[in-house]
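**Q** Dropping a structure here in structure tokens format, bear with me for questions.
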Amino acid sequence: MSPTTPTRHLDIGCGLAPRNPYHRDQLVGLDVRALAPGQALPGGFEYVQGNFVIEPLPFADHHFDSVSAYDVIEHVPRQLFMPGEGLVYPFIRVMNEIHRVLRPGGLFLASTPAYPRPEAFQDPTHVNIITVRTAEYFCGPDPKGRMYGFNGRFDEQINRFCTRNNYVDRDLAATRIWARRWHRKLLRGGWSDLIWEFKAA
């Protein structure tokens, strides 16, 4: 990539406040909700409306240097019956699309309430329960997700429980990360979120 080429980040499921954890030059937020007519948005990012659960991401291949999904993947169904298609695997499709829009070496950062924490189950819209071993279906030389149609490959950088706020900004000082981790674990009942950082191979 040329030094003059702007770097780009995509935040999936952004609402009206997309995050830019890697401080890329350009920020795009994608969400399923449509904006109201004339609705104003804060500056500094591009908003794209799209149903990423059942539709391809509306971006070219290798368009982004990084992608994030905070409190999103737990809402993506694992299976759906689609008219004209039969049984499909939306979560596999979403992971394929994330890999497709990332440049080689690009980073995918996700935070999700995960098993065995009760937060993974208590929200009735959580339909995709993640564990630390779910990464095996998307990472490594032969991801297990191949059997379901996953055609990308990620290298696992981070796959651990921590507090979500430590990963909204990847430049957060290590001492602050340590303090937040242990405050949450010792005083607030433990870490509810599983953090993924995967590199597109």
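The values are calculated or read from the model by the stated rules, or taken from the named source; none is laboratory data. Computed from a predicted structure; not experimentally measured. For neighbour counting, all protein chains shown are included, and Cβ atoms are generated from backbone atoms with ideal geometry for every residue, glycine included.
**Q** Quick check on my filter: what residues within region 90-105 are of a type outside the set (D, E, K, R) and either in contact with a Cys (Cβ under 6 Å, 6 or more places away or on another chain) or closer than 21 Å to residue 156 by Cβ (or both)?
**A** Residues satisfying the conditions are 91, 92, 94, 95, 96, 98, 99, 101, 102, 104, 105.
**Q** Then there is this: So, residue 115, is that one in contact with a Ser or Thr (Cβ under 9 Å, 6 or more places away or on another chain), over 20 Å from residue 140 (Cα atoms) and surrounded by fewer than 18 Cβ atoms within 10 Å (Cβ to Cβ) or not?
**A** yes
Conditions (1) over 26 Å from residue 112 (Cβ atoms); (2) out of contact with any helix residue (DSSP H, G or I) (no Cβ under 6 Å at 6 or more places or on another chain); (3) surrounded by 19 or more Cβ atoms within 10 Å (Cβ to Cβ); (4) of a type in the set (A, V, I, L, M, F, W, C), marked per residue:
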site: 6; (1), (2), (3), (4): yes, yes, no, no
site: 13; (1), (2), (3), (4): no, yes, yes, no
site: 16; (1), (2), (3), (4): no, yes, no, yes
site: 33; (1), (2), (3), (4): no, yes, no, no
site: 36; (1), (2), (3), (4): yes, yes, no, yes
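**Q** If you check every pair at least six apart or on different chains, which have Cβ atoms under 6 Å apart with a residue in region 100-111 that is surrounded by 23 or more Cβ atoms within 10 Å (Cβ to Cβ) first and a residue that is modelled with pLDDT under 95 and not in a helix (DSSP H, G or I) second?
**A** Between residues of region 100-111 that are surrounded by 23 or more Cβ atoms within 10 Å (Cβ to Cβ) and residues that are modelled with pLDDT under 95 and not in a helix (DSSP H, G or I), the close pairs are 111/193.
**Q** Could you check region 54-160 for strands (runs of 3 or more DSSP E) lying wholly inside it with 2 or more residues that are closer than 20 Å to residue 13 by Cβ and under 16 Å from the mean Cα position of the chain (by Cα)?
**A** Details: elements: 64-70, 80-82, 86-88, 102-113.
Once the strands (runs of 3 or more DSSP E) in region 54-160 are filtered for at least 2 residues that are closer than 20 Å to residue 13 by Cβ and under 16 Å from the mean Cα position of the chain (by Cα), what remains is 64-70, 102-113.
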